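The structure appears right after this line, and notes come after that.
Nothing in this text is a laboratory measurement; each read-out follows from the coordinates by a stated rule. Keep in mind the model is a prediction, meaning the values are calculated, not measured. Methodologically, a virtual Cβ is constructed for each residue, glycine included, from the backbone with ideal geometry; neighbour enumeration extends over all protein chains shown.
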Ligand SMILES: [Zn+2]
């Protein structure tokens with residue numbers, strides 16, 4: 001499974017696709033062997049299902065048998081889609097009377113309420129746990145914040161805060177869980193990244 005690294009593009013998902021942002025990605029040296037000599041080289045790209053047309057630049061270290069990918073800031077890590085889409089789900093839950101009510105509102109007709117609730121709960125659980133950790137990591141900056149979109153958007157005076165937190169928590173991304181951080185899920189018998197992404201949840205219910 002590739003080690004994910006942050007790609008600070010400043011591009012939205014649509015711009016990244018139309019401008020083929022993966023071509024702008026660069027890794028000047030191997031993260032494992034900064035002095036080189038390990039056969040580190042660009043190793044093509046792989047495709048993400050959503051947003052359609054999104055490709056991710058990849059490198060491979062021959063000596064370390066490890067691939068690396070540069071994930072642009074707008075994308076959720078190891079979840080389908082973008083950080084903004086996940087943030088919208090959390091915000092909808094915060095506004096709704098219950099998780100069930102939010103899931104019912106977000107789902108399309110061909111998705112059962114049970115699976116929509118499961119889909120929403122997975123995102124709520126992952127993000128709330130992350131927000132609690134991030135608030136603890138930056139006590140001075142985030143003192144008094146609750147692990148909610150409303151509270152954190154207000155603190156940073158921004159419309160969408162998960163993408164801001166990817167930058168704020170940059171030094172901790174390898175230790176933080178998806179969808180914000182790049183921590184590896186538990187090793188599961190050599191399954192490939194795509195399959196684990198699929199297990200993390202299907203594409204949005206709308
Ligand atoms: Zn290397």
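General remarks:
- With respect to being part of a strand (DSSP E or B), away from the ligand (no atom under 16 Å from the Cβ) and touching a residue at least 40 places away in the same chain (Cβ under 8 Å), residue 103 falls outside the description.
- Scan of region 106-141 for residues that are part of a helix (DSSP H, G or I) and more than 21 Å from the chain's Cα centre (by Cα), ordered by number: 113, 114, 115, 139, 140, 141
- Candidates 79, 68, filtered to the one that is part of a strand (DSSP E or B) and either under 13 Å from the mean Cα position of the chain (by Cα) or within 16 Å of the ligand (Cβ to nearest atom) (or both): 68
- Odd one out for residue 78, checked against (1) over 30 Å from residue 29 (Cα atoms); (2) touching a helix residue (DSSP H, G or I) at 6+ places or on another chain (Cβ under 8 Å); (3) surrounded by 14 or more Cβ atoms within 10 Å (Cβ to Cβ): (1)
- Test: residue 33 is over 27 Å from residue 83 (Cα atoms) and without any contact (Cβ under 8 Å) to a residue 40 or more places away in the chain: yes
- Output for region 20-54, where each listed residue is in a strand (DSSP E or B), over 19 Å from residue 179 (Cβ atoms) and away from the ligand (no atom under 16 Å from the Cβ): 44, 45
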